[in-house]
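A short worksheet on the structure shown next.
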Amino acid sequence: MSAADDSDGRVQAQYESYPYPARDPADERKRLVTGSPSHFDELDHYCFAGRWDFRQRFRALIAGGGTGDATIMLAQQLKDRGIPAELSYLGLSGASRGIAEARARVRGLDNIRFLTGSLLEVGTLAPGPYDYIDCCGVLHHLAEPLEGLQALAGQLDPRGAMGLMLYGTLGRTGVYPVQAALRALAANEDGGQRVSLARRLLADLPEDHWLKRNPYLGDHKRGDDAGLYDLLLHSRDRAYLVPEIEALAAAAGLRLTAFVEPVRYDPATWLKDPELIARAQRLPWLQQCALAENLAGSMKSHAFYVVSAGNTGDTVAKPGGPDTIPVLRDGNPQALAAAVARGNSLTLNLDGQQRRLSLPDGAAAMLALVDGRRRLDDIQRMLNLDWFACKARFDRIYGLLNPLNLLLLRF
């Protein structure tokens, strides 16, 4: 997330003093920060049906690049795959940009151009068309989020896609009353004094206050001033419900293709009664997503993908024939296969709720062969299965792991 446009400069000033999220460029030698949206395998699956021709130069814009998480992740993943690419980072905060540039230098990434300015000026500062645009955690800090989304949509190639993240209303329960209290108590103080007052207020809140009872938020619990400031002292933010996201996208001439992880947006994840599940499954997809949000009550953010409304083709990959290439997102096939082999199951943690997922016999052997390069017919031959048995086993595994965003496809 980065600074968004703000006429009085408060948002920009915040991110100059408290770049968010806090990152140490030296950590790039130890690990690559990954996430959603904009993970390469994920965007290929949910935006391009796994069929984009990456032999051509791929143009991507990171709008509101912050301290560089999405920029560094995607640039590194494209480099690792030998894909010719040009990434444009656009952000308002010079301090945040400096951190992102330092991270790129540590990794030796030379496929990024860094630009400073408002995403509202993207048509002048970083004109498209772009094959892909990331805007993560920025629009909800704009005075007019629709204006920002429309500016980005205007730079999108008709075949292109966007990955977005907006705050979720229900999972942020307690945030906005505390923000209002701090505006009343600390509105005229400088940044450091406001952080100090915020920590004192947190210590003084009643134990049954909504924020203290909310287990899904953690930025105010760490000793991270940037995280606390972003959560409780931000001068402008709002949160969204699923129907509001749908309306925002439609108003900008865009349509939703996927929320991630899909399992969270499936009412059956949160229901046990077969009759209720059956009724839920008769609803249109976006109504199911809205229902799941209300049932879960825990979604503090929404990561999702959109394409131009005029792009009416299939954008989400679906299991096909022998040429299907299964891909483990951030996957280590041996590690996952070993985990599954211990009882043909995986244990999941969905916002503190433990779920046990049972996989079919033979799942471990099949997953051990999923390296992101082998086609399904290669796996079939290596397992010495007939095609129909292989396809049936894979479809069952895919139906369980894809909703978790673990198993994706390309062709």
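The values are calculated or read from the model by the stated rules, or taken from the named source; none is laboratory data. Bear in mind the structure is a predicted one, so any value in this text is a computation, not a measurement. Glycine also receives a Cβ, built like all others from the backbone with ideal geometry; neighbour counts cover every protein chain displayed. Accessible surface is based on the protein model in full, side chains and every heavy atom, while ligands, DNA and RNA are left aside. Shrake-Rupley method; radii C 1.70, N 1.55, O 1.52, S 1.80 Å.
Shape index of the range 336-411: Rg/Rh, with Rg the Cα radius of gyration and Rh the Kirkwood radius from the inverse mean 1/r over Cα pairs, equals 0.98. Here the dipole of the chain is about 980 debye; that uses its Cα centre as origin and unit charges on the Cβ of Lys and Arg (positive) and Asp and Glu (negative). Taking a straight line from the alpha carbon of K272, these lysines sit under 28 Å away, with near neighbours fewer than eight places off in the same chain left out: K300, K318. What residues from the range 14-50 fall in the zone where the backbone N is under 13 Å from a label point 7 Å along the Cα-to-C-beta line of D80? Once the point is set 7 Å along Cα→Cβ of D80, 30-35, 39-42 turn out to lie under 13 Å by backbone N, inside the range 14-50.
Each residue of the range 220-231 was assigned a 3J(HN,Hα) from its phi angle through the Karplus curve 6.51 cos²θ - 1.76 cosθ + 1.60 (θ = phi - 60°); the sequence is 7, 9, 8, x, 10, 4, 5, x, 5, 4, 5, 7 Hz, with glycine and proline shown as x. In order along the range 69-76, phi translates into HN-Hα couplings of 3, 5, 4, 5, 4, 5, 4, 5 Hz, rounded to whole numbers, per the Karplus curve 6.51 cos²θ - 1.76 cosθ + 1.60 with θ = phi - 60° and x for Gly and Pro.
Each Lys and Arg adds +1 at its Cβ and each Asp and Glu adds -1 at its Cβ; summed about the Cα centre, the range 264-411 shows a dipole of about 140 debye. Under 5 Å from the amide H of A258 lie the amide H atoms of Y305, each residue being 5 or more positions distant or on a separate chain, with H modelled from the backbone and absent for Pro and chain starts. At 25 °C and 0.890 mPa s, what whole-number value in µm²/s does Stokes-Einstein give for the translational diffusion of the range 64-109, with Rh from the Kirkwood sum over Cα pairs? Estimated via Stokes-Einstein, D reaches 230 µm²/s.
Our estimate of slack between S17 and E275, defined as 0.36 nm per intervening residue step minus the Cα-Cα distance, is 87.6 nm. Here the convex hull built on the C-alpha positions of the range 240-301 has a volume of 76 cubic angstrom per residue.
Percentage of Cα-Cα pair distances in the chain greater than 29 Å, rounded to whole percent? Value for the chain: 48 percent of Cα pairs lie more than 29 Å apart. For the range 350-391, the percent of C-alpha pairs falling in each 5 Å distance bin, counted from 0 to the bin holding the largest distance, reads 5, 19, 25, 18, 10, 10, 7, 5, 0. For the chain, the share of accessible area belonging to carbon and sulfur comes to 49 percent (1.4 Å probe, ligands and nucleic acids excluded).
In summary, the lysines within cross-link reach of K30, defined as a Cα separation below 22 angstrom excluding same-chain residues under 8 places away, comprise K79. Across the range 235-240, coupling constants 3J(HN,Hα) worked out from phi with the 6.51/-1.76/1.60 Karplus curve, θ = phi - 60°, read 6, 7, 7, 9, 10, 10 Hz, and Gly and Pro carry x. From Cα pairs below 8 angstrom and at least 6 apart in sequence, can you work out the relative contact order of the chain, rounded to a whole percent? Relative contact order here is 18 percent.
Going 7 Å from the Cα of R31 along its beta-carbon direction, which residues of the range 84-102 have the amide nitrogen within less than 13 Å of the resulting point? Flagged as within label range: none.
At 1.4 Å probe radius, can you tell me the per residue accessible area of the chain in Å²? I get 43 Å² per residue for the chain.
Residues whose amide H comes within less than 5 Å of that of L61, counting only those at least five positions distant or on another chain, are S88, Y132, I133, D134 (H built at 1.01 Å from N in the peptide plane). Here the Kirkwood formula puts the hydrodynamic radius of the range 255-401 at 17.3 Å, using every distinct Cα pair. Which FRET efficiency, nearest 0.05, do L146 and F388 yield, Cβ-Cβ r, R0 35 Å? Working from the Cβ atoms, E equals 0.10.
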